[in-house]
Structures are given as structure tokens and as C-alpha cells.
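Inspection log for the structure reproduced underneath, given as C-alpha cells.
Derivation of every value follows stated rules applied to the coordinates shown; laboratory data play no part. Small disclaimer: the values here were computed from a predicted structure and weren't measured. Here Cβ is always computed from backbone atoms with ideal geometry, including for glycine, and neighbour counts include all displayed protein chains.
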Amino acid sequence: MKFSLTLLLSILPFFSMAEAQATYRVFLKFFPEEAQMWGYAVSNDRFVQGNTQVEFTETPDQKIEFWLHGELKIDSILSGGKKIEYESEKVLYWENYNLVGRKTSIDNSALADPNSLEIHYSGFFNPSQARSLSDYMRVDKKEGIFLRSAGYSLWCPFFSVPEIIKVDFDEITVDIPAELEVVVGGKPIMEKVDGERKISAWKIPELEIYDVQITARPFRKRSGQNVWVYYLEDDQKAQEITDFAQNLKKIYFRSFRPVQETDPLYIVQMPEYGNISSNNVIGISGDVFDEFETELYSKSTIAHELVHPYVHIPIDRNDPMAALVIEGFPGFFHFYGLNQTESKEEFDLKKIMLKRQSSYLKKKESGKDWRGNDLPQEKPILEISFDEIGLYKDYFILSDRVGLFLYHLWTKMGDEKFSEFLKELFALSSIDYGTLESLTEKYLPGYSATLNIWLKTNDFPESLRIIE
């Protein structure tokens with residue numbers, strides 16, 4: 001049985017990067033029957049053949065360096081259609097799940113075309129827990145394909161020189177056995193069955209190269225309102241998850257911005273330790289899938305991923321409010337939905353916010369997260385630039401302080417006024433500090449000074465704290 005995967009990747013500029021760095025065209029073939037590329041017979045159960053065409057938008061300076069998964073080897077590298085010299089070695093590499101990476105270096109003087117490379121490689125993706133018990137990545141004909149991105153399992157070259165982080169995947173075309181279904185992310189743009197093969201194409205908007213994954217299994221599919229559940233056997237559980245997501249979207253529609261069209265969301269049943277989200281794909285491990293009704297973590301993840309378009313307000317990236325609107329709002333308002341779908345026993349928002357407050361106070365005092373890692377320097381919400389969103393979302397200011405601020409507004413206004421406030425807020429076609437201040441004063445007269453403390457300072461006086 002043959003298995004092939006073709007990816008056309010265009011890496012275009014993101015706001016934090018000045019220029020697009022490269023265009024990728026990648027072809028991968030999994031489980032080839034003629035697995036002879038190493039000069040001797042090998043099992044095709046985990047074998048992969050691939051090639052990646054790279055076009056740089058700017059000529060690299062002197063040296064090019066990229067990484068692949070450590071069980072892959074370089075078969076050849078071409079530039080301008082001609083083979084070129086390179087140096088390649090296996091080295092200890094933390095950013096790959098088996099702790100081994102293949103580091104390849106090229107002197108750009110060797111390039112026949114200074115802006116292009118074609119890299120051919122082959123090898124294996126055997127299971128390994130050398131780095132962590134939660135590293136589920138592997139390629140296995142019987143089990144399926146479970147590949148994450150740079151930082152986990154390097155199935156296409158990850159360039160460190162020149163550095164490529166933000167990417168725009170124009171098209172990912174996947175050719176698999178017809179009995180399998182694949183989930184990549186973004187939007188599907190084509191699918192057809194050709195004999196024993198299934199070919200599908202996906203388009204993914206700009207995102208970090210660390211935020212894409214490929215999963216293929218003999219999935220069943222269930223959908224509703226652009227939410228897709230990919231699962232193995234339990235039709236009833238899949239329907240429960242679909243119904244939950246559809247109910248949330250109805251709540252968001254009537255509570256926030258009434259968005260008609262939203263991007264698809266893919267909820268995928270994964271192997272053990274596969275509770276991983278990337279872009280618009282949410283992985284749920286089999287045990288969590290089976291107990292979904294009582295798994296608040298998975299519900300919260302789905303609720304968060306669904307809320308983004310409903311709490312979007314157009315804003316310029318240079319506006320001081322940008323970080324608050326783009327990441328702060330989605331980081332809290334999914335709780336508003338869960339507060340309506342879940343019982344008080346299952347979802348006690350005050351208890352959740354008390355824990356967040358305790359965590360925030362510890363971080364302010366120590367400058368470290370719960371694992372002891374250094375946090376970015378604390379700064380007021382409105383001093384976080386667009387380019388710093390990645391530093392502050394999920395871990396500190398844009399999750400903890402923004403959440404506490406919005407919860408404080410909610411408790412001060414009360415449910416009815418807060419509901420009216422939200423409808424008016426998310427009906428806005430644009431927003432700045434003055435607009436938010438005026439709207440807040442409309443529903444909570446005299447709040448301007450408090451708003452200033454929340455958004456323009458690091459202060460957290462007792463008067464703003466949640467009382468148990």
C-alpha cells in the first residue's frame with residue numbers, strides 16, 4: 001500500500017516580521033511499497049520519502065541551516081536543478097520528540113540559484129518518549145499518522161538560518177489510502193477519491209510554524225454549523241460534542257457580534273496525551289473523548305476556539321487597545337458561554353476567577369510561572385504592543401489581568417446590564433480607549449478612574465480583588 005502527502009506552503013509576512021522569507025512546496029510519501037531508498041530493504045510500516053522545494057524571497061547571507069527529524073537522512077539537495085554540496089549530521093536536539101535532530105548546513109556560494117533549494121530526504125518516525133511521556137508523535141501503518149510541527153516532529157525542513165517562524169500555508173494537498181481521513185487545519189478546498197487513494201487539499205491562514213499538525217486515522221465524521229468532529233466509533237459521544245458546540249455558537253451569536261460565517265473548527269479524537277490544540281484543530285485524547293460530559297477542560301478549549309469571531313472588533317495593530325481586543329477578549333468571553341451551558345456545580349466562575357487571581361498575585365510577586373520559568377516583564381495592558389501578544393497571552397497579563405478586569409466589570413454591572421453592555425460593545429465597527437471609557441461610563445457611572453487602573457497601570461489594590 002502506498003501513501004503520499006503533498007504540501008504547497010507559502011510563507012508570507014506576518015505583522016511581527018518585515019518580509020516573507022520563503023515559499024515551500026513539499027511532497028511526502030508514507031508507507032511506500034518500494035522502501036529501498038537506503039540501498040537495502042527496509043520495512044515500509046513507518047518509512048517516509050519526501051522532498052521540499054524552497055524559494056527564498058531574499059537571498060540568504062552566506063550560510064543556510066535547517067533541521068529535520070533525526071531518523072530522516074538527506075538523499076540529495078539541488079539548486080537550480082543541479083546537485084550541490086552540504087554538511088549533515090545527527091545531533092542532540094531538544095526541539096524534536098526523540099531528542100535527535102538532523103542538522104544540515106549549506107554555504108550559499110554553492111547555490112546555482114541563490115534563492116532556491118530542493119531537498120530530498122527519507123527515513124522513519126518511530127515512537128519515542130525520550131523527551132516526554134506525552135510525546136505521542138509517530139507514523140505507523142496500523143495506528144495512523146500523528147505528526148506535530150516544528151518543536152515536536154520535523155516532517156518538513158525547519159530553517160533556523162534564515163529563521164522562518166510565521167507562515168502562510170497556501171495549500172496542503174494530502175494523498176492517503178481511501179479508508180483513512182486526514183485533518184490538517186485551516187480550510188479544506190478540495191477532496192476526491194481516486195481508486196484506493198483519497199486526495200484532499202487544505203488552505204491555512206498565517207500562523208506560527210509551531211502551530212500546525214497532521215493526523216490521519218480511519219475516522220468517522222460528524223458536522224454541524226461548521227464544527228467537525230473526527231472520531232473512531234462512538235456516534236453518540238460525537239453527537240454530544242457537536243450539539244455542545246452548536247449550542248455555544250447560538251449563545252455567542254445572540255450575546256456578542258452576530259457573525260453569520262465562521263471558520264471551520266475540527267475536533268479530533270487522538271491517542272493518549274493528544275489533548276493538543278493548534279490553529280483551528282482541537283485534539284481530544286480517547287479517554288477524555290469518552291468522558292466528555294464531565295471534562296470541563298475540553299469544553300473550555302472548544303468554547304475558547306469558537307468565541308474568536310464573535311468578539312472581534314476591527315482595530316489597527318498600532319492602537320494601544322490591540323492586544324486587549326485581539327487576545328484579551330477571547331481569553332475571557334468563552335467563560336460567558338460556559339456560564340450558560342454548564343451547571344453551577346460543574347462550572348463555578350467565581351471559584352475559577354479566585355484561582356486566577358491567586359495565580360496572578362503569585363506571578364506578580366515572583367516574576368515566574370508555576371513551573372518556575374521566568375515571565376516577561378509586567379507592564380500595563382495598554383502598553384503591550386501587537387508584536388508582544390505572543391509573550392503575554394495564555395500565561396500572564398492577557399489571560400490573568402484582562403480576565404480579572406472583565407469579571408470585575410461583570411460583577412459591578414450585574415447580569416442584565418453586562419449583557420446589554422456586551423451587545424453594544426460588539427456592535428462597534430471600531431474601538432479605542434475613549435470609546436470603551438464612554439461605553440463603560442454609560443452602564444457603570446463613575447468607573448473611569450477604575451478603568452484607568454486596570455488598563456494603564458500594574459496596580460491591583462484590594463478594592464479590585466475578588467472576595468471569597
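Points to keep in mind about this one:
- Label-point gap, in nm, between Asp113 and Asp287 - each point 7 angstrom along Cα→Cβ: 5.0
- Bridge type composition, the range 221-311 - antiparallel percent by DSSP, nearest 5: 40
- Listed peptides 352-361, 158-167, 263-272 by packing density, highest first (mean Cβ within 10 Å): 263-272, 158-167, 352-361
- Count of lysine pairs in the range 21-112 with Cα separation under 21 Å (8 or more residues apart, or interchain): 12
- Two-decimal ratio, the range 364-468, of alpha-carbon radius of gyration to 2.2 N^0.38 Å: 1.15
- By average C-beta atoms within 10 angstrom, highest first, the peptides 131-144, 274-287: 274-287, 131-144
- Kirkwood hydrodynamic radius of the chain, Cα pairs, Å: 24.2
- Whichever aspartates and glutamates have a C-alpha closer than 13 Å to that of Lys355, once near sequence neighbours (fewer than 8 apart) are set aside: Asp400, Glu468
- Subtracting the Cα-Cα distance of Leu354 and Val42 from their residue separation scaled by 0.36 nm leaves 106.7 nm.
- Burial order of peptide ranges 323-333, 292-302, 75-85 (average beta-carbon count within 10 Å, highest first): 323-333, 292-302, 75-85
- Separation between Cα centres of the range 49-123 and the range 142-178, rounded to whole Å: 15
- Inter-label distance, Asn318 to Ile466: 3.8 nm, where each label sits 7 Å from its Cα along the C-beta direction.
- Cα-based convex hull volume of the range 170-317 per residue, rounded to whole Å³: 124
- Prolate/oblate/rounded call for the range 3-212, Cα gyration tensor, a/c under 1.5 rounded: rounded
- Computed over the alpha-carbon pairs of the range 37-152, the distance histogram in 10 Å steps reads 13, 40, 32, 14, 1 percent, short to long.
- DSSP bridge pairs, the chain: antiparallel proportion in percent, nearest 5: 90
- Normalised by 2.2 N^0.38 Å, with N the number of residues, the alpha-carbon radius of gyration of the range 111-242 equals 1.20.
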